[in-house]
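This report refers to the structure that appears directly beneath it.
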Amino acid sequence: MPHIPLPTPSPSPPPPKECLTPLTAMIPCMDYLTNVTVFSPPSACCDGLKSVVSTAPICLCHGLNNNGGMSKLFPKPIDPIRMIILPARCGAMIPLQTIFSCASKLL
């Protein structure tokens, strides 16, 4: 049988020196992530999420982990379920490698 190479995922960007700067792009997500009466994220939120996914995806761990530092950016606690479904609502794909890193590392 011929050997067919599997497609390799594109390499992740190098980890940023800090995450506060990239995460500020997600400030427009505050109402959606902290208020259950807001039914969909605004386009500025999705643009910010996509920016973080493309430039510093590892920083999303701060929002995906229960003890994440992303809550420090917002005056109210983030709803973890809303953080998990935000990429689907915005049509953004978080790299699987990032999700595994979030689960295995303490940031």
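Scanning the range 53-86 for residues that are crowded, with 18+ Cβ neighbours inside 10 Å, at pLDDT 75 or above and not basic (K, R) gives V53, A56, P57, I58, C59, L60, C61, H62, G63, I78, M83, L86. Looking across the range 33-48, the residues that are at pLDDT 95 or above and either part of a helix (DSSP H, G or I) or under 13 Å from S71 (Cα atoms) (or both) come down to S43, A44, C45, C46, D47, G48.
Only residues that are part of a loop (DSSP other than H, G, I, E, B) and without any contact (Cβ under 8 Å) to a residue 40 or more places away in the chain: list them for the range 18-32, please.
Once the filter is applied, which keeps residues that are part of a loop (DSSP other than H, G, I, E, B) and without any contact (Cβ under 8 Å) to a residue 40 or more places away in the chain, the range 18-32 yields only E18.
Could you list, in sequence order, the residues of the range 31-52 that are of a type in the set (A, V, I, L, M) and surrounded by 17 or more Cβ atoms within 10 Å (Cβ to Cβ)? Selection gives L33, L49, V52.
Which ones in the range 78-107 are in a loop (DSSP other than H, G, I, E, B) and farther than 17 Å from S51 by Cβ?
Result: I78, D79, K105, L106, L107.
The values are calculated or read from the model by the stated rules, or taken from the named source; none is laboratory data. The model shown is predicted, which means the values in this text are computed figures rather than measured ones. As a convention, Cβ positions derive from the backbone with ideal geometry for all residues, glycine included, and neighbour counts pool all protein chains shown.
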